[in-house]
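The structure appears below as structure tokens.
The values are calculated or read from the model by the stated rules, or taken from the named source; none is laboratory data. None of the values given here were measured: they were computed from a predicted structure. FYI the Cβ positions are ideal-geometry reconstructions off the backbone, even for glycines, and counts take in every protein chain you see.
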Ligand code: ATP
Ligand code: MG
Ligand code: MG
């Protein structure tokens, strides 16, 4: 009996555990919150990631460890990796959890990135705002997710407010200023790399965000073949440079026919949730196969898939379930503003069929604005 340890007990760990059940896997989730939603399906070791006694207990009880959460302290990942197999490796995790390190790596690998500057002081921010130009986004280097830890600067008058909001974090988690990219589209590459170096990607996904939080994803993203190949090549370059094992996502902005890399997520990714019903093998299943050294499954998809995130509170399931290809995912979380509490996936053989399903569900759930950009794209 193989036990997979997961650091972090959110919906990603929950979906990993659900996906691993048919493989006969056991799980152990380490999380500091007693109501971690993965705990409904896997035993929970409730402790801080820095608690060495808990880490030792975790290491004794699992065969391999992986992450649901990229902000596990790098030292804890390293401590574990000295005792048990940990995938992805701690170096990959530490690069991916620091916006400065990941953008520096992308640039070294010849992957275009938005202009950026490391910000340690108020004087750095003034200088960078001038050098990069405004609008720009001040972001924490670490610990940000769902658009948290970001401040948008529209003009020089916003510099004071940006520093007041985030300046104190310059000496704790670090700050980075990024030029604002007026992109046309956002695309993600969800990729899997096995222990033996085998590399696969799912069809590329187009994503739409609302207030910095993923709102909808559509796959396959309609892109020229040469452009799609470029995105896949970038992801492969990153995976090989980090000797990455497992699933990860590379988020790209598409601007004037060119990709700029925004960030990578060293884990299964929200923009890959559609693979549960939409692909031959889901991102969760392939992540487990990768970390266990098993053969990766095909990432082929049939037709198109759209995922809608439920943020804050779960809507009524009925209109989704009434669709022939409507799939419901309730993470079992309590409602809270801005929180990802569930998602729905729709799969269809044709764009027209998918549009029709989205239109109906959008109307019945009063989510017309959420489905509108996807329907527009499907119309071509
Ligand atoms: P995630 O939940 O994806 O981990 P995050 O908190 O790490 O989010 P980012 O991915 O950096 O944040 O930003 C969230 C969204 O904000 C992006 O998907 C994009 O829509 C927008 N955004 C971020 N950086 C830029 C930029 N430099 N120019 C334009 N838009 C941006
Ligand atoms: Mg992120
Ligand atoms: Mg992001």
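Only one residue in 109, 125, 100 is more than 16 Å from ligand 3 (Cβ to nearest atom), buried (at least 18 other Cβ atoms within 10 Å of the Cβ) and modelled with pLDDT of 95 or more. Which one?
None of the others qualify; the one that does is 125.
With the stretch 144-249 as the region, which strands (runs of 3 or more DSSP E) entirely inside it contain at least 3 residues that are more than 16 Å from ligand 2 (Cβ to nearest atom)?
The qualifying strands (runs of 3 or more DSSP E) are 185-193, 199-201, 213-219.
Looking only at the stretch 98-143, which residues are more than 13 Å from ligand 1 (Cβ to nearest atom) and in a loop (DSSP other than H, G, I, E, B)?
109, 110, 111, 120, 121
What residue, among those in the stretch 264-311 that are more than 28 Å from residue 352 (Cβ to Cβ) and in a strand (DSSP E or B), is farthest from the chain's Cα centre (by Cα)?
264
To keep it simple, each residue is scored yes or no on (1) part of a loop (DSSP other than H, G, I, E, B); (2) modelled with pLDDT under 95; (3) surrounded by 20 or more Cβ atoms within 10 Å (Cβ to Cβ); (4) out of contact with any helix residue (DSSP H, G or I) (no Cβ under 6 Å at 6 or more places or on another chain).
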position	(1), (2), (3), (4)
314	yes, no, no, yes
332	yes, no, no, no
335	yes, no, no, yes
338	yes, yes, no, yes
344	no, no, yes, no
352	no, no, no, yes
360	no, no, no, yes
370	no, no, yes, yes
376	no, no, no, yes
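What residue, of 206, 240, 178, is in contact (Cβ under 8 Å) with a residue 40 or more places away in the chain and surrounded by fewer than 15 Cβ atoms within 10 Å (Cβ to Cβ)?
Exactly one residue qualifies, and that residue is 240.
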